[in-house]
Amino acid sequence: MSEQTLSPARANQITGQAARRRTFAVISHPDAGKSTLTEALALHAKVIGTAGATNGKSNRRETVSDWQQMEKDRGISISSAALQFSYRDAVINLLDTPGHADFSEDTYRVLAAVDCAVMLIDAAKGLETQTMKLFEVCRQRGLPIITVINKWDRPGLDALALMDEITERTGLLPMPLTWAVGIAGDFRGVWDLKQDRFVQFQRNNAGAQIALTEYFTPDQAAENLGDVWTEAVDEAGLVLDSVDDFDLEAFYAGKATPILFSSAALNFGVKELLDALVDYAPPAAARPDVDGGKRAVEAPFSGFVFKVQAGMNAAHRDHVAFIRVCSGVFERGMVVTQGRTGKSFATKYAQQVFGREREVIDEAFPGDVVGLVNASALRVGDSLFLESPVEFPAIPLFAPEHFQVARSKDPSRYKQFRRGIDQLEHEGVIQVLRSDLRGDQAPVLAAVGPMQFEVVEDRMFHDFNAPMRLERLPYSLARLTTPEAEPTLANVHGAEVLLRTDGEYLALFNDIWALRRVEKNNPDLLLVPIGTEHS
Ligand code: G4P
């Protein structure tokens, strides 16, 4: 086993490095501009550079993430990874979340590994279904949220109406850091409240370059823009009396959200977002463990697996386990302990992964993400550590909303079928439910988003050589229950009880009405919404 007795100087260095880290994810309803913003951030950091950065969706997808054949075919992004870059004196870790229309388990897991979320809102659409779902996940995790109102270059909603919508529907208090000058569609720039200056918006050639910025004093802006400027200042004043009222504690506590305006496609407002992250977002800090304590950042190395991805490299069909570093320093090659099994784990193949880019990583600090290649022994939620043991809280299993029965297409390949399903379950790709009635040949697969089934089908075919058939079940709702529910629901139409591999009984219902009927007729039956069982 490696050792990591840290000298005071080294411990100091780690504390300093942790304080520089800003680890976050961009979340949004599809089409709000998440990929565009990610690309704009990368461009800003000059990671990709102007040559590779384009505004076209097709080109952009190639740059950002396209490792699975299925992704290429469908133009969607399934995997997530991390982009790291330096900005001012900070180190920014941007964790990519899946960009497709389905809500997926990966999004939840990435949110377990970040310290802050950037919620992107389409100025014309306001809060959409998935924005609300994501907001709820952040609320449950106590994750601070920075809100960015995007696409201000296009006609959209009124800025104050958007603020009201945020307050009413999320309960978060909006705290503008910048305020749009000019209505949506007539974007003149933003008032940077902190610096008290006007940042003028200039169109350039479609986002391929960092936006040219010109700054003006409020007096100059008033002279140049007249009423447009005065209105912006008045409006911002209605939301936040003065920038001195910016309440960092309320932001950290998930009660208030800093607001920024942007046009990601034109790279405008991106610098302000980076500045907001550096100035306000929480740095990597001591992480709570299951025993009610906290792992200090300068303690020996620890981290947890928040995502396992297989088949990222078609040529190798390897497994990459993504680790969020929580304490100490990760050094490639060190041998760590896997908490769940107590076994040692060698970290020879450590990489930083972003899209198709992979770089060998030698050192990582709290807040950073490390991709461990050939890590098929690691599972989502596993804690890894050096010396003093630590166990971080499990990443909860999520409430599935889609259910399909899986069957092997070729009965002679049942063994491979079984092995494949078990492996995919271990990786956290799907949940597996069984019952005596259905038998072992036809397990029920359960997922948060329907895209997971395509991932399963693809993996079963390519990785396990076990082609299978899927048959959709009509259920859309699951509740945690007890074994007693099984006979009670045996003859109820639109309901069924199944046993999940972790030993939990799940009652499935066609819809809310089926659930309500059962609740009404069986008031003593335990039916607990998933995700609230520990609260
Ligand atoms: P997503 O990842 O959240 O799903 O959204 P994505 O970045 O793919 O953006 C969705 C569409 O919105 C894209 O247009 C993109 O160019 C456009 N968009 C993103 N940010 C802005 C913005 O600030 N202003 C304007 N006007 N448009 C924006 P598309 O037609 O789907 O593709 P393309 O234009 O890139 O070819």
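Throughout, read-outs are computed from the coordinates displayed, never taken from laboratory work. Nothing here was measured: the structure is a model prediction, and the numbers come from that model. Using ideal geometry, Cβ is built from the backbone for each residue, glycine included, and neighbour counts are taken over all protein chains shown.
Here are some notes:
- Cα-based values for region 224-268, radius of gyration first and Dmax second, are 13.7, 40 Å.
- Fewest-first ranking of Met460, Met468, Met132, using other Cβ atoms within 10 Å as the exposure measure: Met132, Met468, Met460
- Pairs beyond 29 Å (Cα-Cα), from Lys133/Lys520; Lys133/Lys194; Lys307/Lys415; Lys194/Lys294: Lys133/Lys194; Lys194/Lys294
- Near the amide H of Met468, within less than 5 Å, lie the amide hydrogens of Lys409, all on another chain or at least 5 residues away, with H placed in the peptide plane.
- Projected over all directions and averaged, the alpha-carbon convex hull of region 381-519 occupies 10.0 nm².
- Diffusion coefficient (Stokes-Einstein, Kirkwood radius over C-alpha pairs, 4 °C, 1.567 mPa s) for region 83-167: 90 µm²/s, rounded to a whole number.
- For region 346-485, the relative contact order is 26 percent, taking Cα pairs closer than 8 Å that sit 6 or more residues apart in sequence and dividing their mean separation by the residue count.
- Rule-of-thumb Rg ratio for region 150-276 [Cα; 2.2 N^0.38 Å; N residues]: 1.02
- The equivalent ellipsoid that matches the C-alpha gyration tensor of region 443-535 spans semi-axes of 28, 14, 12 angstrom, in descending order.
- Rounded tilt (10° steps) of 129-141 against the dominant C-alpha axis of the chain: 80
- Taking all Cα pairs closer than 8 Å and separated by 6 or more residues, the relative contact order of region 146-268 comes to 38 percent.
- Compactness of the chain, expressed as Rg and Dmax over alpha-carbon positions, Å: 24.4, 80
- Here the calculated FRET efficiency for Asp89 and Arg419, from their Cβ-Cβ distance with R0 = 51 Å, stands at 0.55, rounded to the nearest 0.05.
- Taking a ≥ b ≥ c as the square roots of the eigenvalues of the Cα gyration tensor, region 112-157 is prolate, since a/c reaches 1.5 or more and a/b is larger than b/c.
- Fraction of alpha-carbon pairs over 16 Å apart in region 376-424 - percent: 64
- Of the beta bridges in the chain, as assigned by DSSP with both residues counted there, near 75 percent are antiparallel.
- From least to most packed, judged by other beta carbons within 10 angstrom and beginning with the fewest, Val373, Val233 follow the order Val233, Val373.
- Long-range amide H partners of Ala310 with built H, under 5 Å: Val320
- Each residue in Ser412, Ser104, Ser344, Ser263 was given a count of other beta-carbon atoms within 10 angstrom of its own, and listing them fewest first yields Ser412, Ser344, Ser104, Ser263.
- Applying 0.36 nm per residue to the separation of Leu248 and Arg10 and subtracting their alpha-carbon distance, the gain on full extension is 82.7 nm.
- Cα-based radius of gyration of region 340-445 once divided by 2.2 N^0.38 Å, which approximates compact folds: 1.38
- Contact order normalised by residue count of the chain, Cα under 8 Å, 6+ apart, percent: 14
- Where N is the number of residues in region 213-293, Cα Rg divided by 2.2 N^0.38 Å: 1.49
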